[in-house]
Structure formats: C-alpha cells, structure tokens
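Notes to accompany the following structure.
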Amino acid sequence: MADQILPIPGSLDTAPSRGAAFLEWLHSWVVTVDHKKLGILYIVYALFFLLVAGVEALVIRIQLAIPNNHFVSPEVYNEMFTMHGTTMVFLVGMPILFGFANYLVPLMIGARDMAFPRLNAFSFWMTAFGGLLLYYSFIGGFGLYGMGAAPDVGWWAYAPLTAKAFSPGHNTDYWALALIVSGFGTLGTAINIIATILSMRCRGMTLFRMPLFSWLMLVVSGLTLITITPLTAAQIMLMIDRYLGGHFFDTQAGGSAVVWMHFFWIFGHPEVYVLVLPAFAIANEVIPVFSRKAIFGYPAMVSASVGIAFVSLTVWAHHMFTVGMTSVGNAFFALSTMMVGIPTGIKIFNWLATMWGGKIRFATPMLFCTAFVMQFLMAGLTGIMLSVAPWNWQLHNSYFVIAHFHYVLVGAIVFCIFAAIYYWYPKVTGRMLSEKLGKWHFWLFFIGFHITFDIMHFVGILGMPRSIYTYEADRGWNTLNMIISIGGMIQGAAVLIFVWNLIDSYLHGDAAGNDPWDAWTLEWSTPSPPPAYNFAEDPVVRSRRPLWDLKHPNDPDWKYER
Amino acid sequence: MSSVPIFVDENWRLPSRGRVGMFSLIIGESAIFTIFVVAYVYYIGRSTYGPTPQILDVPVFNTVCLLSSSITILLAEHAIKHGRMRTFGWWWAATMLLGLEFIAGTAIEWHKLIFEDGLSLRTNLFGTTFYSLVGLHATHVIVGLIGLSLIMAFTLAGRVEQRHAERIQVFSLYWHFVDAVWVVVFTVVYLVGR
C-alpha cells in the first residue's frame, strides 16, 4: 500500500494493510470536527501534560527535600517551577475542563454537535500547538544561560524581570507567544460553548432545565471571554516591549512594573474561577447521582455561580497587598475577596444538603467528590485568612500561600477531574474503570495530598518563602520538607496507578452499557460510546432529569418542577 | 402543576448561533481594548522625555468616514434583507471605500508623526501607548476590510444572495463594533488625552 497514502473510504478492495489502516485512523483524528473526538483529544492532551507537569513538581520536591541540595542547578530549578505552573494552568487545567465541556455539553443539551464544529477543531489545534511551542523552548529556547533554556521568569512573569536586559534571549518570548496562541484557542472554545448552549438546545430544554454542568460551563465560558483576553493584551504589550523597544513596563521611561502585576492578576484571579467552576460543574453532576437525590437548591446553585463569576472580577489585587496600596485599596480588595466566600458557601451547603439523607454509594467518583467538598471548604477558609491584608503581609509569597492555592487547584480541581474521568470514562470508551484500582488511586492520592499540602501550611507559617532554590539546615524546615516530598511521591504513585487503570480498563474493563450509574442526564440515554450523530432522534425534555422521567413514568419530575 | 402542557411548545426558538458567537467575540475583544485603553489613560503624562500628545491633530475627517461606514453597512444590510442585490453591492463598496480611507488617513497621520515629529513606538512611553492602542484598532479595521473585500468579491461573482442576509448581518456586527471602539479610542486619545 505504499502508493496509497490515504485509503478511499468505502473502497471495496481487499482489507487495507495494517499501515494503511493506521494512517486512516490517524487521519480521522487529525481532520475530525466531531465534538466527542475533539473532547477526547483535549483530555488526552491535558493528561499527557499533567504527567509532564507532575514530573516537574517532583523535581521541585526532590530538590527541596533536604537542605543545601543540588539535585538540579538553580537555572533548571527556575525553569521547573515556571513550567510547572504554566503547564498546569494553561496546558492541563483549561484544556481538560474544556475537553469535558466539548464532549459533554452537546450530549447533555441534546444537540448533534457544537455550534461551530470547525472553529472547535481550530481551537483545539491552536491550544495544542501553543503547548508544543512552549515545550519546544527546552530544545530551541535561548536564554540567559545559553541554548535549551525554557522560560524561567515564574508563571506570573513579573516585570522588570521579563525586560530584555534581565531576560536576554527568547525563552520569555516562548512563554508569551505560546500563551497568546493557546489563548486564542481558549477564546474560540469559549465562544463555541456559549453559542452551543444558547442556540443548540433540544426542544423543551429551557435554560432552567439544563443540567448544572452546562449552566456552569456557560458561566465559565462567559468569564473566560473577559479573563483570557486581558492576559493576551498584556502579553502583546510585553512583546511590544521586548521586540519593538516599547516602554510599557520600563520604569526608566515612565512605565510601571506594577501595571503588569495588575494586568496579570486581572487575568490571574478570575482564572482560578475559570478552573474551579468546571470542578463545581462536575461535582454538581456526580454528587446527586451517587446520593440518589436531585440536586438541592438548583436556582441557588445557578445564581451562586453567576455571583462567583461577577465577584471574582473585583478581587485581583489581593495578590498585591505587599506591593503597597492605599488603605482604601486594601480594604476594598480584602472585603471583595471575603465576599467570594458567600456564594461558594452556598454551594458547599447545597452539596451537603444533596448528600444529607441520600442513599450514598461510595463508588470512586463519589469518593473523589466527597473529598473535594471537604478540601474545598478548607481551601476557602485559608483563602479567607489570606484575604485579611495584615495576615497577608505576614504570609505573602510563603509556602502558606502555595499550600492554599494547591488546596484549590489539587484538592478541588484535580480531585473533581479524577471524579469526572471515573464517572464519564464508561460513556466515552464503553468500558468501566476498575473500582479496585480506583480505590487504591483515591486513597493513595488522598493520603499523599494531605501529607504534602497540610504540612506545607506549617512550613509557610514557619517562614519558608516560595520559589527558593534551597535553604539552610538551621531553619527548622528540614523534617517538614522531607515529609512534603514523600507526600508528593505518594501522589505520583497514585497517578501511575490511575494511568495504568486507564490503559488496562480500556483493554480489559467490564462492558459499561448505556447507563452504568443509573444517572439522569441525556448523555446516558445514548449508547456507550455515543454514535457520531449522538441522538437517533432529537430528544424532547420536560424536566431537569429527563432520564428519571423515562425510568419512572408514574412519578416524573415535571409534575413537581415549574 | 396541572398547567404543564402535554406537548412541548411547538414554537421552540433559540437565538441564532452566528449572532451569539459574534457577540461573544465582541465581548472578548472589548476586554482586550479595555486593557489597552486603561494602559493609555494610566500612562498619560508619565512620559519622562520626548514628544507629548500635544503634537496630535484631531482626525475629524477620518472619524466622520469611519462612523459613516456604519450607516452605509446598515443600508447594505437593509438592502440584502429585501433582496435588492445591486443596492447591496453599492452600499457594501461604499463601506469598503470609507474603511480604506480611514486606513489611508491613519497612514498619513503616522507618516507625519514619525518623520516630522520624530515619534515612533520606541521614542518614549507616549509613543508606545499611542501606536499600540491606535494600531490595535487599525488592525481590527484591516481585519474588517479583509472580510469586507472577501464578501465584495463573492458579491461581484454573484454568489451572495438574499438567503445570506443573516450572515451579512453577523459580519456587520463586527464592523459596527470596530466603529464603536473608535468612538472610545478617539475620545481617550484625541479629546481627553491631548
């Protein structure tokens, strides 16, 4: 078949050789505009980078395990924490959550595909090439220490460190360009999700009958529109400074480094909510199904999500208390930050009330979601502590802050991502993930997580600053750092079990059937995996739990919902 | 509860995806412009050396041209909606010409600034913020012009028909946005900041 690169579909010739079949398979994934395939591509891409950024985290932890360590050089260490942060936020968090949105939103709202399938493919490939561009810097980047330099300015890339004088070469440009490119991909996906949800719902699927997952994805996408774009704008300014000799962040010409901080955190703080709202979205689907109850307080959940989106736009400068603001500024940002606690508190009570009195099944997805509720509460409480400006002056840029935001990013978001994968893997592949390996994965990860990040609060309070290469032996941080690093290794082992589970269950897992969890949203009415056309006939919906109505014709939900 | 209809509403209508998508894009773009406008406003008068905004001339003719292009494109939308394709073509061409005039006017303005007043992007902070904000807007005008000329080419080839009216309207939203942003940029750069 050497003369035939791409076999003609539907050809009646003899069965294609292995090589040709492989090429056809590859071709079908590269040119696909199907929302399900693109969703899988997003998720696989993000899981790959999850492993990469996890390895980077472990390098950081090995370096910090003992004092005066020289496991890696200071230059490599700077690259590691920069790339760990950048990768986890831009190449893991957003792609995986948009991957779930891509896969699930059309299925949940009874649509054939996304509103703009080709824009969808374009967005994915922009995101993918953004990631490749960023990682190519390890080979092609030229920085302060010569060739092969990845970005090393921290994921926040504060001015004036990013100025040409302090970051010569172009590794910082790799950082900015890669994020501009993937940022356009993200913008495209956000537009697509909004248009899908507002314009493609099946008959009867009013906004207030949508699954909460879709509602939260709508809110997230709206927030993304006004969150990612300021970063793109700031990075364009950075590129103007670095390449065209501009003076935006050049203090000698009257520019201001603090303006970069403002612009970065105008993006950076809502970004946290862009990442965590999809985690809420996942919990909103998993917790009711495994508690065997409808979600408690659906309208409150929706309004709390919209509230979080709005309040999150007004809190960015709580990252900058130590920069020095007026007392009015400090008070404003402290109070607005505390206000985020109100809608998030509503959500936590709603999840608890959903579980309360329910017939809880502790399958792996539910285990992850239960841990999520507790951990997210604790993350929120340390967040309230840090929003108090004087407390923040004491602990800013310490490991306490690192512990706080990893409690959100890992304890809430990664836990929910794992829950989502255990929950929807049967739908996507047609096979169940192993519950036994799943329980091992959960407990190891849970224990490792708490060993690492609980202890991190303590070293933070003991004064250990973030982003340091190493430390002296007499600071009293030695044992704690060793324990933190061991916890990191346990999490690494848990993730390996998870990866093995993904692969092994794909080949040998139990058949899932259409609806293994006895769930209520539309995606479970399709075969697993769903056909390319999703629904043989357009579904018609009369309540928030269409499958409940089908399964219980004597007691349908629409009798009780208005 | 008894009021729940047995059959789902037959008038199930949702907003057009093109419009929703374009409005979303406009919201995102507005955030980009907001950041550049904020940077411009914050940096007014902070240049430590070099030319100041006093060297700017108010581009009245340019502004009139760009803003009238919003009216001509509106007339074009109206024409295609009612199937008057020739009228549509003429108004569309007029829109393009007005857009081209705006870009030409900007080019002349920048030529004067660079070669007579010695203001380039790297001269000082004012130059950086001025060229990036006005340039960002000009970039959007150019993108809009590319779209306008593509549709013009299809129109001349006879491929644009009445049934495309909605797509034309969706595209026009972008052009209206570009014009509306100019009102902000014009106010900030030439009225407030000068």
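The values are calculated or read from the model by the stated rules, or taken from the named source; none is laboratory data. The shown structure was predicted, so the numbers you read here are calculated from the model rather than taken from an experiment. Note that each Cβ is placed from the backbone with ideal geometry, even for glycine, and that neighbours are counted across all protein chains shown.
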- Out of (1) at pLDDT below 95; (2) surrounded by fewer than 24 Cβ atoms within 10 Å (Cβ to Cβ); (3) part of a helix (DSSP H, G or I), the one residue A:172 does not meet is (2)
- Can residue B:119 be described as in contact with a Pro (Cβ under 9 Å, 6 or more places away or on another chain), outside any helix (DSSP H, G or I) and not small (Gly, Ala, Ser)? yes
- Message: Yes or no: region A:399-417 includes at least one residue that is in the same structural domain as residue A:95 (by TED's automatic domain parsing) and surrounded by fewer than 19 Cβ atoms within 10 Å (Cβ to Cβ).
- Response: yes
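Go through region A:506-527 and give me each residue that's among the polar types (S, T, N, Q), under 21 Å from residue A:212 (Cβ atoms) and surrounded by fewer than 21 Cβ atoms within 10 Å (Cβ to Cβ). Quick ask: steps written out before the conclusion?
Filtering region A:506-527 for residues among the polar types (S, T, N, Q) gives A:514, A:521, A:525-526.
Next cut, under 21 Å from residue A:212 (Cβ atoms) only: A:521, A:525-526.
Those that are among the polar types (S, T, N, Q), under 21 Å from residue A:212 (Cβ atoms) and surrounded by fewer than 21 Cβ atoms within 10 Å (Cβ to Cβ): A:525, A:526.
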- The residue that is nearest to the other protein chains (Cβ to nearest Cβ), considering only those in region A:136-163 that are among the hydroxyl-bearing types (Ser, Thr, Tyr) and surrounded by fewer than 19 Cβ atoms within 10 Å (Cβ to Cβ), is A:158
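Out of curiosity, is residue A:272 among the aliphatic types (A, V, I, L, M) and surrounded by fewer than 22 Cβ atoms within 10 Å (Cβ to Cβ)? Break it down stepwise before answering.
On the way: among the aliphatic types (A, V, I, L, M): yes; surrounded by fewer than 22 Cβ atoms within 10 Å (Cβ to Cβ): yes.
Yes.
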- Query: Does at least one position in region A:464-486 carry a residue that is surrounded by fewer than 21 Cβ atoms within 10 Å (Cβ to Cβ), at positive phi and either small (Gly, Ala, Ser) or assigned by TED's automatic domain parsing to the domain that holds residue A:385 (or both)?
  - Reply: yes
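Listed here are the residues, each with its yes/no results for (1) surrounded by 18 or more Cβ atoms within 10 Å (Cβ to Cβ); (2) touching a strand residue (DSSP E or B) at 6+ places or on another chain (Cβ under 7 Å); (3) away from chain A (no Cβ under 14 Å); (4) β-branched (Val, Ile, Thr).
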position: B:24; (1), (2), (3), (4): yes, no, no, no
position: B:32; (1), (2), (3), (4): yes, no, no, yes
position: B:39; (1), (2), (3), (4): yes, no, no, no
position: B:58; (1), (2), (3), (4): no, no, yes, yes
position: B:68; (1), (2), (3), (4): no, no, yes, no
position: B:72; (1), (2), (3), (4): yes, no, yes, yes
position: B:81; (1), (2), (3), (4): no, no, yes, no
position: B:101; (1), (2), (3), (4): no, no, yes, no
position: B:105; (1), (2), (3), (4): no, no, yes, no
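Limited to region B:143-170, what total is found for residues that are touching a residue at least 60 places away in the same chain (Cβ under 8 Å) and either assigned to a helix (DSSP H, G or I) or crowded, with 20+ Cβ neighbours inside 10 Å (or both)?
Filtering region B:143-170 for residues touching a residue at least 60 places away in the same chain (Cβ under 8 Å) gives B:152, B:155-156, B:160-162, B:164-170.
Within this subset, residues satisfying the condition of being either assigned to a helix (DSSP H, G or I) or crowded, with 20+ Cβ neighbours inside 10 Å (or both) are B:152, B:155-156, B:160, B:162, B:164-170.
Of the residues in that region, 12 qualify.
For region A:1-88, list the helices (runs of 4 or more DSSP H) that sit wholly inside it and hold at least 1 residues that are among the charged types (D, E, K, R), at pLDDT below 95 and assigned by TED's automatic domain parsing to the domain that holds residue A:488; which are they?
Details: elements: A:18-30, A:35-65, A:74-86.
Counting at least 1 such residues, we get A:74-86.
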- Message: Given (1) assigned to a helix (DSSP H, G or I); (2) closer than 30 Å to residue A:398 by Cβ, identify the lone condition not met by residue A:304.
- Response: (2)
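Mind checking which residues of region A:346-376 are assigned to a helix (DSSP H, G or I) and either over 21 Å from the mean Cα position of the chain (by Cα) or acidic (Asp, Glu) (or both)? So that I can check it myself, show each step before the final result.
Within region A:346-376, the subset assigned to a helix (DSSP H, G or I) is A:346-355, A:364-376.
Of everything in region A:346-376, those that are assigned to a helix (DSSP H, G or I) and either over 21 Å from the mean Cα position of the chain (by Cα) or acidic (Asp, Glu) (or both) turn out to be A:346, A:349, A:350, A:352, A:353, A:354, A:355.
I'm checking my understanding of the structure. Among residues of region B:11-22 that are more than 7 Å from chain A (Cβ to nearest Cβ) and surrounded by 18 or more Cβ atoms within 10 Å (Cβ to Cβ), which one is nearest to the chain's Cα centre (by Cα)?
The first filter runs over region B:11-22 and keeps only residues more than 7 Å from chain A (Cβ to nearest Cβ), leaving B:11, B:13, B:18-19, B:22.
Next, from what is left, pick out any that are surrounded by 18 or more Cβ atoms within 10 Å (Cβ to Cβ): B:18, B:22.
Numbers: B:18: 18, B:22: 13 Å.
It comes out as B:22.
Residue-wise test of (1) at pLDDT 95 or above; (2) at negative phi; (3) at the interface with chain B (Cβ under 9 Å from one of its Cβ atoms).
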site: A:208; (1), (2), (3): no, yes, no
site: A:215; (1), (2), (3): yes, yes, no
site: A:237; (1), (2), (3): yes, yes, yes
site: A:251; (1), (2), (3): no, yes, no
site: A:254; (1), (2), (3): no, no, yes
site: A:257; (1), (2), (3): no, yes, no
site: A:263; (1), (2), (3): yes, yes, yes
- Note on the structure: Among the residues of region B:41-56, the number that are assigned to a loop (DSSP other than H, G, I, E, B), closer than 20 Å to residue A:266 by Cβ and facing chain A (nearest Cβ under 8 Å) is 1
